[in-house]
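Visitor: Encoded as structure tokens, here's the structure I'll be asking about.
We did not get these values from a lab; they are worked out from the coordinates using the rules stated. Given the structure is predicted, the values throughout are model-derived calculations rather than measurements. Please note: Cβ atoms are built from the backbone with ideal geometry, for glycine as well, and neighbour counts cover all protein chains shown.
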Amino acid sequence: MTALATAGLGQTASSTLAGFLILATAVWVGGLVAIFVVARVASRTLRPGERVAFFRGLGRAYGAVGGVALAVALGCGAALLYGRAWSATLIATMIVAACLVAVTGTGVAQARRMTRLRQAILRHPGNPALAAQMHRGAVSAAVLRAAIAALSLALIALGVLLVP
């Protein structure tokens, strides 16, 4: 029996979970990178009203795909680690995973607020209070995206350390 099958799972189940974990992680991280690239292009090519509509649609579509990918990755990782002896690395992994879920949820809520704010700015162009809110929101969005990316990469690194 190989190292993957150490958590009481058979080789086939462990290999299947590992495959789904890799695929889901690729979708999650690939989506984060793709959204960054798409955002850069859209900000340069679409008018403000079109951008709001585009990102609202993209957020809804990717929210489902990314949410499922993250859930599958975390579920497969948990299943592969089930029954393992607790260690500092395992505890750190669980903390980072929980933080990733929390920060991602916060990011989704913040993105929805930004969509409503952008719609308000389109209805009331030149409003200084809305412009100030938009600036603060943009800074918050950048911080949240960076945190999601950093936590995702940290979780991958911790996962690598946990491979027997």
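Visitor: List every residue pair whose Cβ atoms lie under 9 Å apart, where the two residues are 6 or more positions apart in sequence or sit on different chains, the first residue falls within region 10-31 and is more than 16 Å from L100 (Cβ to Cβ), and the second residue, located anywhere, is among the polar types (S, T, N, Q) and surrounded by fewer than 18 Cβ atoms within 10 Å (Cβ to Cβ).
Guide: Filtered contacts from region 10-31: Q11/T2; S14/T2; S14/T6; S15/T2.
Visitor: Oh, and also: May I ask you to verify whether T16 is exposed (fewer than 12 other Cβ atoms within 10 Å of the Cβ), polar (S, T, N, Q) and farther than 19 Å from A154 by Cα?
Guide: no
Visitor: Do we have any residue at all in region 27-43 that's hydroxyl-bearing (S, T, Y), in a helix (DSSP H, G or I) and within 14 Å of the chain's Cα centre (by Cα)?
Guide: Within region 27-43, none of the residues are hydroxyl-bearing (S, T, Y), in a helix (DSSP H, G or I) and within 14 Å of the chain's Cα centre (by Cα).
Visitor: Only residues that are surrounded by 13 or more Cβ atoms within 10 Å (Cβ to Cβ) and either farther than 16 Å from Q110 by Cα or in contact (Cβ under 8 Å) with a residue 60 or more places away in the chain (or both): list them for region 54-65, please.
Guide: F54, F55
Visitor: Then there's this: Name the residues in region 76-119 that are of a type in the set (V, I, T) and either in contact (Cβ under 8 Å) with a residue 40 or more places away in the chain or within 22 Å of M134 (Cβ to Cβ) (or both), would you?
Guide: T89, T93, V96, V103, T104, T106, V108, T115
Visitor: If you take the residues in region 121-148 that are touching a residue at least 40 places away in the same chain (Cβ under 8 Å) and closer than 30 Å to I95 by Cβ, which one is surrounded by the most Cβ atoms within 10 Å (Cβ to Cβ)?
Guide: Among those residues, the one meeting the criterion is I148.
Visitor: Something else: What residue, of T45, T89, T93, is buried (at least 16 other Cβ atoms within 10 Å of the Cβ) and either touching an Asp or Glu at 6+ places or on another chain (Cβ under 6 Å) or among the hydroxyl-bearing types (S, T, Y) (or both)?
Guide: T93
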